[in-house]
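The structure appears below as structure tokens.
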Amino acid sequence: MTVPRIVIVGGGAGGLALATRLGRTLGKKKRAEIVLLDRNATHVWKPLLHELATGVLNSTMDEVDFRGHSSAHGYRYQRGSLCGLDRESKTLNLAPILDEDGRQVLPERTLTYDYLVLSLGSVSNDFGTPGVAEHCHFIDSPGQAKMFQRDMINTFLRYTDPALRTHTTLSVGIVGGGATGVELAAELLDVTRLLNAYGVTNVDDNQVSVHLIEAAPRILPALSERISQTVHKELESLGVNVHVNTAIKEAREDALVTGDDEVIETDLNVWAAGIKAPDFLAELGLTVNKKNQVCLEQTMQSVDDPSIFAMGDCASCPQGENSTVPPRAQAVRQQAGVLADNLGRALEGKELKPFKYKDNGSLVSLARYDAVGNLMRGGASRGLFLEGWMARNAYASLYRMHQVSIHGVPKTGLTWVVDKLNRYLKPRMKLH
């Protein structure tokens, strides 16, 4: 007897958590075949990419190998990149996989499905700004994060030779004052100290200038004003140059040009402003919004096809009038739980449940210096405001919750112990 096949496209936080849960509840019980499709062989939790970009996170220790994980959790991993969709025959077209030299590893293929879940996340939106694609780093994937780290270290090394310097101070421009930009700005100051401590360079804090540039009236515009103001003051006390109400109209190799024609000299640029879903989603024949997000019913089904679901940053899921689920890690974690239940109900022919997002608060990490946020928000409640030691521990617990969702409690507990030991056994920063 053939069981229905559920294909999940995208092994990010939501996709991997969903595949894990469905593998345990449906795959191992032979009620459905669960297939996770991703073009990468490993998973890194996206909120940690700024740490991977600065070398604070060692990806070899925090990556999840899809093949090993799938064999233990009742789903099947297939490496591939979605390039086309035939809804009538319920078939996915997969692009060929190429190696670093451009040689074909896997040919173009097709994959059939009974239910399809799109969980492709998001990428930074450069809004067509001239020079951004050529002169700015993006940190949307582990590969991009590692590329930034390589160029960051090379920039610091280059600065140690006066003949190779282009500016009097080593300047880094970060466009986008959301969580990624804020956390990266703080990490860069910490990295300066670590590179000096490890003898990689003799550049100190006084020789590094970090510019955090936000077009909105305040940084962290999606969070509460109290969090925004607290983080703004903390960043400035650390030495970050915070620019608000400042739009960038051009990126150059050695500078960022603002809308007021101010030229901010830079040695390294990062674009972390705005998000959109991958462009190819608009070419699949599904209804999408201007950010390429798949338009959904509240049950997380596509408005065009009840057998197609979407979740996370690539989806536009309504929440009442003129409101949609925000692109946040806690949202996709909640969606993974409801969607796992809904797919089980769909197999049984039961009515699906609408997804209702609950804002549990927000936390922002400022490297080793601090963390700020609030918890237990609900309705009109502002929640519990946290900063300092309590906020840092609450922020760390978010990653542990993600690990529990994909590994279970026992393995996460062992991983926590290993991480504690590695803090004493290994350097704090990965230098290669």
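Just so you know, all these numbers are worked out from the coordinates, no wet-lab data involved. If you're wondering where the values come from, they're calculated on a predicted model, not measured in any experiment. For neighbour counting, all protein chains shown are included, and Cβ atoms are generated from backbone atoms with ideal geometry for every residue, glycine included.
Placing a pseudo-label 7 Å from each Cα along the Cα-to-Cβ vector at Leu375 and Ala222 gives an inter-label distance of 2.1 nm.
Backbone amide hydrogens, once placed in the peptide plane, bring Val172 within less than 5 Å of Ser209, Val210, His211, Asp267, excluding anything fewer than 5 places away on its chain. Taking 60 Å as R0, compute the FRET efficiency from the Cβ-Cβ separation of Ala163 and Glu351 and round it to 0.05. FRET efficiency, Ala163 to Glu351: 0.25.
Say each of Val3 and Glu108 gets a label point 7 Å from the Cα, pointing the same way as Cα to Cβ; how far apart are those two points in nm? Placing both labels 7 Å along Cα→Cβ, they lie 3.3 nm apart. Note on Arg31 and Ala95: their simple-model spin labels are 3.6 nm apart, each label 7 Å out from Cα toward Cβ.
I'd like the distance separating the alpha-carbon centroids of region 40-93 and region 229-284, in whole Å. Comparing the Cα centres of region 40-93 and region 229-284, I get a distance of 28 Å.
Database remark: amide H of Gln319 closer than 5 angstrom to the amide H of Thr324, Val325 (H placed geometrically; neighbours at sequence offset of 5 or more, or on other chains; Pro and chain starts carry no H).
Between Leu366 and Ala371, Val372, the built amide H atoms are under 5 Å apart, and every one of these is 5 or more places off in sequence or on another chain.
Taken one residue at a time, the phi angles of region 307-318 give Karplus couplings (6.51, -1.76, 1.60, θ = phi - 60°) of 8, 10, 10, 8, 8, x, 5, 8, 10, 10, 9, x Hz. Gly and Pro are set to x. Using θ = phi - 60° in the Karplus curve 6.51 cos²θ - 1.76 cosθ + 1.60, the 3J(HN,Hα) couplings for region 275-287 round to 9, 8, 6, x, 4, 5, 4, 6, 9, 8, x, 9, 6 Hz; x is entered for Gly and Pro.
Taking a straight line from the alpha carbon of Lys90, these lysines sit under 29 Å away, with near neighbours fewer than eight places off in the same chain left out: Lys28, Lys29, Lys30, Lys276, Lys290, Lys291, Lys350, Lys353, Lys356.
Per residue, the chain reaches -10000 deg cm²/dmol at 222 nm when only DSSP H runs of four or more residues are counted, each adding -39500 (n - 2.57).
What is the sum of charges around Asp313, taking Lys and Arg as +1, Asp and Glu as -1, for the other residues whose C-beta is under 15 Å from the C-beta of Asp313?
Values: positive: Lys46, Lys276, Lys290, Lys291, Arg328, Arg333; negative: Asp140, Asp279.
Counting the neighbours of Asp313, the net charge comes to +4.
On the basis of the beta-carbon distance and an R0 of 25 Å, Glu88 and Asp341 show a calculated FRET efficiency of 0.35. Calculated FRET efficiency, Lys233 to Asp260, Cβ-Cβ distance, R0 = 22 Å: about 0.35 to the nearest 0.05. In order along region 109-115, phi translates into HN-Hα couplings of 9, 10, 9, 8, 8, 9, 10 Hz, rounded to whole numbers, per the Karplus curve 6.51 cos²θ - 1.76 cosθ + 1.60 with θ = phi - 60° and x for Gly and Pro.
Over the chain, what is the relative contact order in whole percent, taking alpha-carbon pairs under 8 Å and six or more residues apart? Relative contact order, the chain: 16 percent. Multiplying the residue separation of Thr287 and Val244 by 0.36 nm and subtracting their alpha-carbon distance yields 12.0 nm.
Once the Cα-Cα distance is subtracted from the 0.36 nm per residue extended length, the Ser323 to Asn393 segment shows a gain of 22.1 nm.
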